[in-house]
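Read the structure below first, then the notes.
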Amino acid sequence: MAINPVSFTEKVIRNFLRYQLTTYPFSDPDLYVQMKRLLSFDETRHTPLFKGPYVSLSKAFKEGASVDTMINERILHPHMRNLIPHPNLYGHQEKAIKAIKSGQTTLVSTGTGSGKTECFLYPIISKCLELRDKNKPEGICAVLVYPMNALAEDQLQRLRGLLAGTGITFGMYVGKTPERESDVSGVRLSQGASREDYNQQLKRVQKERRKEAVHPFEERCSREMMRKNGKQPRILLTNVKQLELLLTRGKDVELFDNAMLDFIVFDEAHTFKGAQGAETACLVRRLRSFCGRGAAETVCIATSATIADPRKGGHAKGAEFASRFFGVNEKDVELVGEEHTPEVWSDNRTTPDEFPGNVSDHLKEILKYVDKEVETNPELAKAFEDATGLKINPSRWREDLHNHLSRNELVFQLSEILTRPRDLNDVLTELKERVGRNVSEEEVLAWLALGAASRKEDRPLLRPVIHGFIRGVGGAMVSFPEDQERLKLWLSCEGEVKDYLLPILTCTICGQHYFEHYVADLRYYGNELDGGEVYEGGRLWRTLAKANDG
């Protein structure tokens with residue numbers, strides 16, 4: 001199911017604010033109402049806990065060659081037809097796969113969600129399938145290096161689903177990898193188990209909510225097994241520190257027996273910079289030397305969303321980085337960037353009128369129904385007509401939305417403005433200049449949500465990306481205003497507050513609130529307060545900071 005970023009962001013913020021309310025579950029109704037008001041619970045985007053939204057629009061990637069074509073041209077192994085879920089590749093994926101197949105050092109510099117992983121994973125798996133068909137002895141074919149274990153673990157989970165039943169071995173060697181085979185936990189599938197067997201077992205484990213992994217027969221789960229002669233994984237996932245140890249400790253030497261080292265991959269290559277980058281570059285050369293491979297015999301691949309943009313003349317910088325990092329000639333580096341397909345807009349566009357009545361109500365109605373994965377959507381059709389005065393057919397609501405919005409000058413100008421992340425307030429200012437009328441935040445979000453839901457040939461007109469920063473409450477305080485009978489609740493001391501403030505705490509069971517205050521020399525004798533100083537016929541306990549023994 002496709003996620004509509006606008007409605008999804010609203011849900012995330014609302015759920016987060018609902019969670020934050022549990023930090024201060026006031027039983028006092030007045031304090032509870034004040035807390036909801038301070039959190040802007042009814043206007044979630046205006047909560048002080050959220051900074052943003054910053055909005056941008058991603059573009060449709062240019063379509064590349066079909067998987068069948070790549071197989072017919074002997075670029076990919078025939079079995080890849082069963083592993084690749086889509087009939088066509090993206091243009092940048094096709095370019096990267098061809099470069100890797102031809103033995104070029106390849107730097108894939110495309111955005112998040114662009115399929116960078118497939119750029120190197122498909123040719124690596126294809127090569128491993130060829131080795132399987134030729135009955136080549138087991139040995140490492142590819143080393144995939146990640147800057148964080150979390151990324152390696154994500155890739156491991158993906159390889160389980162892809163390689164189950166293929167006969168291609170793989171394993172992850174990081175700090176948490178079990179030493180002995182007997183230490184491995186989870187469900188182990190037997191030899192001959194297929195991808196279908198793996199998926200069925202995985203569904204069973206998830207349905208029973210068991211927190212354990214499902215290991216295909218092809219997975220090498222322990223260090224002991226990975227070192228065993230004839231059991232080394234074809235594909236090794238690791239991180240820089242562990243790779244350094246593997247090349248240093250004598251007990252790990254067997255892991256690289258028969259290693260062909262056809263590929264070295266560094267994911268998120270922009271993280272390898274400065275001293276760490278220099279040390280990692282040396283590690284690349286050591287690894288090749290350890291396996292007896294020259295610079296021209298191992299295909300080196302790096303991926304990054306930010307390291308270079310070939311559309312902005314970044315090829316030279318990218319080639320220089322890859323040359324220094326991998327120790328290859330700059331001329332042998334292929335830099336792969338994104339290629340986009342332009343959206344089709346009508347030449348006869350008009351600027352729509354402002355939404356009638358309360359714009360916030362129109363946005364709420366649109367967000368309520370725009371996420372529905374249904375063929376017929378009469379509720380959205382009505383919400384759209386109420387907001388715009390235009391009719392759409394409920395049974396083809398996505399196509400009709402696309403047709404209407406492609407003739408909408410405001411939506412077109414929005415697409416021109418949001419080529420990079422922009423603060424929504426800045427967008428409103430520029431949009432007013434372009435269309436000649438005021439445009440509210442709610443109206444912009446409504447158009448973005450509708451554009452994301454529209455479809456033509458299974459493509460949305462708009463692909464909004466919402467960026468934002470969210471934080472927790474952090475602390476609440478109260479003051480005692482002289483002109484009010486009630487306490488005044490504060491989330492923070494932004495600006496000047498003349499009243500004295502006390503931190504407020506609540507019991508998470510009953511909701512009773514308490515004030516936190518530190519004083520000097522406060523003592524109890526039975527139920528009587530004592531200590532402090534005699535002051536005007538009473539006692540005074542002077543305020544102290546907690547750090548000063550208050």
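The values are calculated or read from the model by the stated rules, or taken from the named source; none is laboratory data. Here the structure is a predicted model, which means the values were calculated and not measured. Please note: Cβ atoms are built from the backbone with ideal geometry, for glycine as well, and neighbour counts cover all protein chains shown.
Considering each residue of segment 176-194, count those that are out of contact with any His (no Cβ under 9 Å at 6 or more places or on another chain) and surrounded by 12 or more Cβ atoms within 10 Å (Cβ to Cβ), and give that number. Spell out how you get there, then give the answer.
Taking segment 176-194 and keeping what is out of contact with any His (no Cβ under 9 Å at 6 or more places or on another chain), we get 176-183, 185, 190-194.
This time we only want the ones that are surrounded by 12 or more Cβ atoms within 10 Å (Cβ to Cβ), so: 177-178, 181, 183, 193-194.
Total satisfying the criteria: 6.
If Arg18 satisfies every condition in (1) assigned by TED's automatic domain parsing to the domain that holds Leu445; (2) touching a residue at least 40 places away in the same chain (Cβ under 8 Å) but one, which is the exception?
Arg18 satisfies every listed condition except (2).
Could you please let me know if Arg455 is more than 16 Å from Arg349 (Cβ to Cβ) and not acidic (Asp, Glu)?
Considered against the rule, which asks whether it is more than 16 Å from Arg349 (Cβ to Cβ) and not acidic (Asp, Glu), Arg455 comes out as yes.
Out of the residues in segment 46-83 meeting the condition of being among the β-branched types (Val, Ile, Thr) and surrounded by 19 or more Cβ atoms within 10 Å (Cβ to Cβ), tell me which one is nearest to Ile124 (Cα to Cα).
Filtering segment 46-83 for residues that are among the β-branched types (Val, Ile, Thr) and surrounded by 19 or more Cβ atoms within 10 Å (Cβ to Cβ), the one nearest to Ile124 (Cα to Cα) comes out as Ile75.
Can you tell me which residues in segment 32-63 are in contact (Cβ under 8 Å) with a residue 24 or more places away in the chain and basic (Lys, Arg)?
Answer for segment 32-63, where residues must be in contact (Cβ under 8 Å) with a residue 24 or more places away in the chain and basic (Lys, Arg): Arg45, Lys51, Lys59, Lys62.
Search segment 413-424 for residues that are assigned by TED's automatic domain parsing to the domain that holds Val444 and among the acidic types (Asp, Glu) and pair each with any residue that is surrounded by fewer than 19 Cβ atoms within 10 Å (Cβ to Cβ) and at pLDDT 95 or above when their beta-carbon atoms are under 6 Å apart and the residues are at least 6 apart or on different chains.
none
Restricting to segment 155-176, what's the tally of residues that are charged (D, E, K, R) and at pLDDT 95 or above? Show your work before the answer.
Just the residues of segment 155-176 that are charged (D, E, K, R), to begin with: 158, 160, 176.
Now drop any that are not at pLDDT 95 or above, which leaves 158, 160.
Result for segment 155-176: 2.
Is there a residue in segment 361-370 that is in the same structural domain as Val439 (by TED's automatic domain parsing) and in contact with a Phe, Trp or Tyr (Cβ under 8 Å, 6 or more places away or on another chain)?
Looking through segment 361-370, at least one residue is in the same structural domain as Val439 (by TED's automatic domain parsing) and in contact with a Phe, Trp or Tyr (Cβ under 8 Å, 6 or more places away or on another chain).
Within segment 448-531, considering only strands (runs of 3 or more DSSP E) that don't extend past its boundaries, which have at least 2 residues that are out of contact with any helix residue (DSSP H, G or I) (no Cβ under 7 Å at 6 or more places or on another chain) and closer than 30 Å to Phe412 by Cβ?
It comes to 464-470.
Just name the residue that is farthest from Lys11 (Cα to Cα) out of those in segment 464-494 that are aromatic (Phe, Trp, Tyr) and surrounded by 12 or more Cβ atoms within 10 Å (Cβ to Cβ).
Phe480
Restricting the first residue to segment 433-452 and requiring it to be in the same structural domain as Asp361 (by TED's automatic domain parsing) and closer than 15 Å to His404 by Cβ, which pairs with a second residue that is β-branched (Val, Ile, Thr) and in a loop (DSSP other than H, G, I, E, B) meet a Cβ separation below 6 Å and a spacing of at least six or different chains?
Close Cβ pairs (under 6 Å, with a partner that is β-branched (Val, Ile, Thr) and in a loop (DSSP other than H, G, I, E, B)) amount to Ala449/Val370.
Under 6 Å between Cβ atoms, at least 6 apart or on separate chains: pull out the pairs that start in segment 64-80 with a residue that is in the same structural domain as Ala99 (by TED's automatic domain parsing) and under 17 Å from Cys119 (Cβ atoms) and end on any residue that is of a type in the set (Ser, Thr, Tyr) and at pLDDT 95 or above.
As it stands, the answer is Leu76/Ser126; His77/Ser126; Met80/Ser126, since those pairs meet every condition given.
Of Phe290, Phe272, which residue is among the aromatic types (Phe, Trp, Tyr) and without any contact (Cβ under 8 Å) to a residue 60 or more places away in the chain?
Within the list Phe290, Phe272, the selection yields Phe290.
Given the residues Val534, Val519, Val497, which is the only one that is under 30 Å from His46 (Cα atoms) and either among the β-branched types (Val, Ile, Thr) or at pLDDT below 85 (or both)? Let's see the steps before the verdict.
Details: Val534 fails: under 30 Å from His46 (Cα atoms); Val519 fails: under 30 Å from His46 (Cα atoms).
Just a single option satisfies the conditions, and that option is Val497.
When the residues of segment 383-428 are narrowed to those that are of a type in the set (Ser, Thr, Tyr) and buried (at least 16 other Cβ atoms within 10 Å of the Cβ), which ends up nearest to Val359 (Cα to Cα)?
Going through the qualifying residues, I end up with Thr388.
Of all residues in segment 17-31 being of a type in the set (Phe, Trp, Tyr) and surrounded by 18 or more Cβ atoms within 10 Å (Cβ to Cβ), which is nearest to Val427 (Cα to Cα)?
Taking the candidates together, the pick is Tyr24.
Any chance segment 5-14 includes a residue that's surrounded by 20 or more Cβ atoms within 10 Å (Cβ to Cβ), of a type in the set (A, V, I, L, M) and more than 23 Å from the chain's Cα centre (by Cα)?
No: segment 5-14 contains no residue that is surrounded by 20 or more Cβ atoms within 10 Å (Cβ to Cβ), of a type in the set (A, V, I, L, M) and more than 23 Å from the chain's Cα centre (by Cα).
Say whether the condition of being assigned to a strand (DSSP E or B), hydrophobic (A, V, I, L, M, F, W, C) and closer than 25 Å to Thr506 by Cβ is met by at least one residue in segment 44-58.
Yes, segment 44-58 contains a residue that is assigned to a strand (DSSP E or B), hydrophobic (A, V, I, L, M, F, W, C) and closer than 25 Å to Thr506 by Cβ.
If you check Ala213 against the conditions, is it out of contact with any helix residue (DSSP H, G or I) (no Cβ under 7 Å at 6 or more places or on another chain), surrounded by 14 or more Cβ atoms within 10 Å (Cβ to Cβ), small (Gly, Ala, Ser) and assigned by TED's automatic domain parsing to the domain that holds Met260?
Spelling it out, it is not the case that Ala213 is out of contact with any helix residue (DSSP H, G or I) (no Cβ under 7 Å at 6 or more places or on another chain), surrounded by 14 or more Cβ atoms within 10 Å (Cβ to Cβ), small (Gly, Ala, Ser) and assigned by TED's automatic domain parsing to the domain that holds Met260.
Among the residues of segment 361-379, count how many are surrounded by 16 or more Cβ atoms within 10 Å (Cβ to Cβ) and touching a residue at least 40 places away in the same chain (Cβ under 8 Å).
Residues of segment 361-379 that are surrounded by 16 or more Cβ atoms within 10 Å (Cβ to Cβ), as a first pass: 362-363, 365-367, 369-371, 377, 379.
Going one step further and asking which of them are touching a residue at least 40 places away in the same chain (Cβ under 8 Å), we end up with 362-363, 366-367, 370-371.
Adding up the residues that qualify gives 6.
Mind checking whether some residue in segment 105-126 is in the same structural domain as Val333 (by TED's automatic domain parsing), within 24 Å of Ala322 (Cα to Cα), crowded, with 16+ Cβ neighbours inside 10 Å and more than 28 Å from the chain's Cα centre (by Cα)?
Taking every residue of segment 105-126 in turn, none turns out to be in the same structural domain as Val333 (by TED's automatic domain parsing), within 24 Å of Ala322 (Cα to Cα), crowded, with 16+ Cβ neighbours inside 10 Å and more than 28 Å from the chain's Cα centre (by Cα).
Which one is farthest from Ser7 (Cα to Cα), of the residues in segment 360-410 that are in a loop (DSSP other than H, G, I, E, B) and under 28 Å from the mean Cα position of the chain (by Cα)?
That would be Val374.
Return yes when Ser27 is modelled with pLDDT of 90 or more and assigned to a strand (DSSP E or B) and no when it is not.
Values: modelled with pLDDT of 90 or more: yes; assigned to a strand (DSSP E or B): no.
So Ser27 does not fit the description; no.
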